[in-house]
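Written below as structure tokens is the structure these notes are about.
The values are calculated or read from the model by the stated rules, or taken from the named source; none is laboratory data. Just so we're clear, the structure is a prediction, and the values are computed from it rather than from any experiment. Virtual Cβ from ideal backbone geometry, glycine too; neighbours counted across all protein chains shown. Surface accessibility is based on the protein's heavy atoms, side chains included, excluding ligands, DNA and RNA. Shrake-Rupley method; radii C 1.70, N 1.55, O 1.52, S 1.80 Å.
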2 protein chains.
Amino acid sequence: MLFDEYPTRTEDPLEMVERKDPVVHASNGSMVRGPLGEKALGRYRRDGFLWFEDLFSDSPLMTELLEDLRALERDTESLRNENFVTDRHSGALRSVFGIHEISERFDRLTRDPLVLGMVRQLLGGDVYIHQSRINDKAGFSGGGFNWHSDFETWHSEDGMPRMRAVSASLMLTDNNEFNGPLMLIPGSHRHFVPCQGATPTNNWKESLKDQRIGVPDEQALEALTQRRGIRAPKGGAGSLLLFECNTLHASPQNLSPWPRANAFFVYNSVENGMQQPYGGTAPRPEFLATRERIRELDMLNEGGTVAMR
Amino acid sequence: MLFDEYPTRTEDPLEMVERKDPVVHASNGSMVRGPLGEKALGRYRRDGFLWFEDLFSDSPLMTELLEDLRALERDTESLRNENFVTDRHSGALRSVFGIHEISERFDRLTRDPLVLGMVRQLLGGDVYIHQSRINDKAGFSGGGFNWHSDFETWHSEDGMPRMRAVSASLMLTDNNEFNGPLMLIPGSHRHFVPCQGATPTNNWKESLKDQRIGVPDEQALEALTQRRGIRAPKGGAGSLLLFECNTLHASPQNLSPWPRANAFFVYNSVENGMQQPYGGTAPRPEFLATRERIRELDMLNEGGTVAMR
């Protein structure tokens, strides 16, 4: 077993520890240049996320991306695949993983020069797609997601060594106060909150529907929210959220009539590839954590880049 | 069986109908005078609710009321009583009914001159307490409430003849964006939305934990929210919400660390006393719908009125 900087899923509870990795990474000691200015970088260091309301709202691609999702929702054949996760109660689509391998439009989006430029800046150089997905919440019935750090899961269940990944989340529909918007705890990315309890075999089959293992205890959540509260960015389809892999987040159920769907592209540094899972379980499937099909994303050399704006 | 102005709980679906009762009632043809001005009355007619942010926030009684609730939460003996409803998942207190018969402080509150003055104005004269309760949502675990009109239940399961009741809801804690605040559909009180499906025997034992029967269909909710959206008033402990008995409302789960507790006093006109339940089931217990212990509330003749401010 490798030495573990971030032990978690232990039998006995462990204390919260300080983050051991930079928030904005550098390549060979010097920051990567890109579209984000010092003020935005400072906010990302402080909060663990950046919100760009309506950044891509005027792009004609937005309608097409939503069309692709609506087609997948109706695709009863695909719903049986393991990378399609359905809602426990309604049976409707909850998540679809590997969306960039299913839809050519979503694939092109992973190479959008503006997003990729920001991500390379945050991660300090070359990156690849570690995971992609859409989280979909049907009107009236879409279920919520419990509090968690993605890194905590990716580290223990997938073997991601360091905190050097970022999620770019594109709103495919409006995210408003009532349709189950993503909530984040500002500043929580600066702490690693270990979670108690061993990971059961094939935990992901449960956790993708309703996460129980890998949820921080209430004392830790209370301490972290006491400092800076909770934030739930709201905006139209085409808004973009960049959030650090260790930022604690959750989202409530959707009791409104308005569907909510967000796409997530998780970019990981090429220097942070998967090892054996630190929690000792077998690696999860490729659609949850890329191991084999790693493809460095280079916006200059790849054809077919998207100009979202 | 009495002629039913508002049929519901039928085997086949019924269409939404216009409300057949006034929203602001008059006594012998003339409006009752009181603390609400024309503008506030007009808003109540249009929206079906009135929000008074922090109206009683400075009252020393607020702390005492919350103390009474915290004592009830710890009272494991009482938790077994039928008027104490626990959360299906966490086992924590979800609702306590008949709070004005349990706590002398809450009882006094039902005769607060300002609240009673407003309520008499809205209902056109003398009133009594039809039901009182606290809905309590523990941090991290408090469950939500599905969309419903109180009147739809009170009419079919309790025999309330007309729409001539109002709920006064006092926030006992902060109600914020994240701790499961009450959501209302403005204008929905102007329509009666029949609900499909017969009422099972002792339905209340289920519905107080998780309402399934008496929930409007999605088409009706969508049509009503399309016009005027959804509103979730936010404010500190001591804020007051008055909402018409037929205004559709719901509330999401509480994923935040901040507990949310709201007290509800349902005032009914003395001219609108319970008949046999229109849905044909046996009357529900007294703590859900007062039949025997009716006591007219008169702020002038009762000792011990509260001056909340």
Residue within the stretch B:25-36 that is under 30 Å from B:GLY279 (Cβ atoms), touching a Cys at 6+ places or on another chain (Cβ under 7 Å) and not aromatic (Phe, Trp, Tyr) present: no
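To keep it simple, each residue is scored yes or no on (1) among the charged types (D, E, K, R); (2) open to solvent by 80 Å² or more (accessible area, probe 1.4 Å).
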{"site": "B:ARG19", "(1), (2)": "yes, no"}
{"site": "B:ASN28", "(1), (2)": "no, yes"}
{"site": "B:LEU36", "(1), (2)": "no, no"}
{"site": "B:GLY42", "(1), (2)": "no, no"}
{"site": "B:PHE52", "(1), (2)": "no, no"}
{"site": "B:SER57", "(1), (2)": "no, no"}
{"site": "B:LEU65", "(1), (2)": "no, no"}
Test for B:SER207: is it within 14 Å of chain A (Cβ to nearest Cβ), small (Gly, Ala, Ser) and buried (at least 19 other Cβ atoms within 10 Å of the Cβ): no
Residue in the stretch B:166-177 that is facing chain A (nearest Cβ under 10 Å), open to solvent by 30 Å² or more (accessible area, probe 1.4 Å) and farther than 21 Å from B:PHE97 by Cα present: yes
Selection count, the stretch A:98-132, where residues are buried (at least 24 other Cβ atoms within 10 Å of the Cβ) and in a strand (DSSP E or B): 4
So A:ARG212, is it out of contact with any Leu (no Cβ under 6 Å at 6 or more places or on another chain), within 18 Å of B:GLY139 (Cβ to Cβ), open to solvent by 30 Å² or more (accessible area, probe 1.4 Å) and assigned to a helix (DSSP H, G or I): no
Count of the stretch A:1-34 residues which are in contact (Cβ under 8 Å) with a residue 60 or more places away in the chain and outside any loop (DSSP other than H, G, I, E, B): 6
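Yes/no per residue for (1) more than 22 Å from A:ILE294 (Cα to Cα); (2) among the aliphatic types (A, V, I, L, M); (3) not in a strand (DSSP E or B):
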| site | (1), (2), (3) |
| --- | --- |
| A:PHE56 | yes, no, yes |
| A:ASP68 | yes, no, yes |
| A:GLU82 | no, no, yes |
| A:HIS89 | yes, no, yes |
| A:ARG94 | yes, no, no |
Among residues of the stretch A:35-54, those that are part of a loop (DSSP other than H, G, I, E, B) and not acidic (Asp, Glu), counted: 4
Meets criteria (in contact with a strand residue (DSSP E or B) (Cβ under 8 Å, 6 or more places away or on another chain) and either charged (D, E, K, R) or within 24 Å of A:SER132 (Cβ to Cβ) (or both)) for A:PHE145: yes
Given (1) closer than 22 Å to A:ALA250 by Cα; (2) at pLDDT 95 or above, index of the condition A:LEU122 fails: (1)
Odd one out for B:PRO186 among (1) in contact with a strand residue (DSSP E or B) (Cβ under 9 Å, 6 or more places away or on another chain); (2) away from chain A (no Cβ under 14 Å): (2)
The stretch A:71-80, residues that are in a helix (DSSP H, G or I) and either surrounded by 15 or more Cβ atoms within 10 Å (Cβ to Cβ) or of a type in the set (Ser, Thr, Tyr) (or both): A:LEU72, A:GLU73, A:SER78, A:LEU79
Number of the condition not met by A:LYS234 [criteria: (1) closer than 20 Å to A:ASP4 by Cβ; (2) within 20 Å of the chain's Cα centre (by Cα); (3) open to solvent by 10 Å² or more (accessible area, probe 1.4 Å)]: (1)
Breaking point among (1) away from chain A (no Cβ under 14 Å); (2) at pLDDT 95 or above; (3) over 21 Å from B:THR173 (Cβ atoms), for B:ILE213: (2)
Number of positions in the stretch B:24-56 that are touching a strand residue (DSSP E or B) at 6+ places or on another chain (Cβ under 8 Å) and of a type in the set (Ser, Thr, Tyr): 1
The stretch B:242-281 - residue that is of a type in the set (Gly, Ala, Ser) and surrounded by fewer than 21 Cβ atoms within 10 Å (Cβ to Cβ) and, of those, nearest to the other protein chains (Cβ to nearest Cβ): B:GLY280
Residue ID - farthest from the chain's Cα centre (by Cα), chosen from residues in the stretch A:79-112 that are polar (S, T, N, Q) and at pLDDT 90 or above: A:ASN81
Flag for A:ALA232 being hydrophobic (A, V, I, L, M, F, W, C) and farther than 29 Å from A:LEU65 by Cβ: no
Total residues in the stretch A:133-165, condition surrounded by fewer than 24 Cβ atoms within 10 Å (Cβ to Cβ), within 14 Å of chain B (Cβ to nearest Cβ), over 14 Å from the mean Cα position of the chain (by Cα) and not aliphatic (A, V, I, L, M): 5
Of the criteria (1) touching a Leu at 6+ places or on another chain (Cβ under 8 Å); (2) open to solvent by less than 10 Å² (accessible area, probe 1.4 Å), which one B:PRO181 fails: (1)
